[in-house]
1. If we scan the stretch 194-205, do we find a residue that is of a type outside the set (Val, Ile, Thr), closer than 25 Å to Ile172 by Cβ and touching a strand residue (DSSP E or B) at 6+ places or on another chain (Cβ under 8 Å)?
2. Given (1) modelled with pLDDT of 85 or more; (2) closer than 30 Å to Val141 by Cα, where does Glu285 come up short, assuming only one miss?
3. Please work out which residue is nearest to Thr225 (Cα to Cα), limiting yourself to the stretch 124-172 and to residues that are within 19 Å of the chain's Cα centre (by Cα) and of a type in the set (Ser, Thr, Tyr).
4. When the residues of the stretch 140-164 are filtered to those that are among the polar types (S, T, N, Q) and touching an Asp or Glu at 6+ places or on another chain (Cβ under 8 Å), which remaining residue is surrounded by the fewest Cβ atoms within 10 Å (Cβ to Cβ)?
5. May I ask you to verify whether Ile256 is of a type in the set (Val, Ile, Thr), within 23 Å of the chain's Cα centre (by Cα) and not in a helix (DSSP H, G or I)?
6. For Glu131, which of the numbered conditions (1) within 28 Å of Tyr289 (Cα to Cα); (2) assigned to a helix (DSSP H, G or I); (3) at pLDDT below 90 fails to hold?
7. May I ask you to list the residues in the stretch 266-286 that are part of a loop (DSSP other than H, G, I, E, B) and in contact with a Ser or Thr (Cβ under 9 Å, 6 or more places away or on another chain)?
Amino acid sequence: MKNTKGMTLIEVIISLLIISTASLIIVVGFVTALNLFTDSNHYKDVTNKQQKALVDEENKDTDIDVDDTLANYSITITEGSTPIVVNGTYKKATSKTYKDVNLSNFIPSIQISETVKGRNIYKNYCKMMQEFSNYLKEQGVTSNDKLFEGKTKEYIKEWMMQKTGANKSDFITNLPKLYASIYPDIELDSLLEVIGTYNKDFDKEKYKYITPCMYISDSTRENLTYKDFFEDEGYKKYVFILVGDKAKKGDRPTDIWALLDNTTVEDDQDTWLIPKSEISTKIFENKTYSEFYKIISGNEWIYYTTSK
């Protein structure tokens, strides 16, 4: 005989509960996915719009509008048990093309003096060369390996690519570009004013870039080993810190308007050598800094000192 008994009330209720729960999970899943999709498109749209705004501004070679100070802020940072208060201002930059695209920025009121920035260029250069030295050592470069041959040359290319994005193995010629990619442009307004008093043709808007440069003969460069350059601190012997033309960020100067006296960088002041007329970089060719320093005529150079 056929069993015609139906589902009991309990079984019906349990079935409904299972179906309801499963339906709820499915609905929530769809809603969540829809929200994620919507948010993703929203973020993508905002990001693309901001990127396009910045690119448009750059291509147009126009400035982005920057509001005056919107507010003064104090931020407290705790270092161990000692609170450090940083005062600053809040500003907002807005795209001229897309008014709803803006960037907020907190600017600390503590500013590094221009003299300190001018002093740091030599110290930063030495720090950069130490990092360079450590990188080559980590790759297995030994003291007697030549810098511009074999695997060492390839390691230098890798280093330059990481720092500048350029596939270069000649870091000596490209030193200004290498330095500019790691540290920002350094200008020393007070020094530029002094140069202008001695050189009437000096254009401080064009000739204001302070950068390290090297001038090494081809024969010396070909035989330069890791030991010569790094371990024996050859990188200090060959470097000239110059104020020259600034056609592009990282360009190697062709006209020289001031030269840092490297013999003073460990003191509490820097001495800059200012020629009474602009000079060519050819006077540095094939000379170390000490060799060049010995032949400087005091009658042709002005000595200008900046205190720390």
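The values are calculated or read from the model by the stated rules, or taken from the named source; none is laboratory data. Since the structure is predicted, the reported quantities are computational estimates derived from the model, not experimental observations. We place every Cβ from the backbone using ideal geometry, glycine too, and count neighbours over all the protein chains shown.
1. No: the stretch 194-205 contains no residue that is of a type outside the set (Val, Ile, Thr), closer than 25 Å to Ile172 by Cβ and touching a strand residue (DSSP E or B) at 6+ places or on another chain (Cβ under 8 Å).
2. Failed condition: (1).
3. Within the stretch 124-172, the match that is nearest to Thr225 (Cα to Cα) is Tyr135.
4. Looking only at the stretch 140-164, we keep the residues that are among the polar types (S, T, N, Q), and these are 142-144, 152, 162, 164.
Checking which are touching an Asp or Glu at 6+ places or on another chain (Cβ under 8 Å) leaves us with 143, 152.
Values: Ser143: 12, Thr152: 20.
Ranking the qualifying residues of the stretch 140-164, first place goes to Ser143.
5. Details: of a type in the set (Val, Ile, Thr): yes; within 23 Å of the chain's Cα centre (by Cα): no; not in a helix (DSSP H, G or I): yes.
Answer is no for this residue.
6. (3)
7. So in the stretch 266-286, the residues part of a loop (DSSP other than H, G, I, E, B) come out as 266-268, 276-278, 285-286.
Scanning the stretch 266-286 gives Asp268, Glu285, Asn286.
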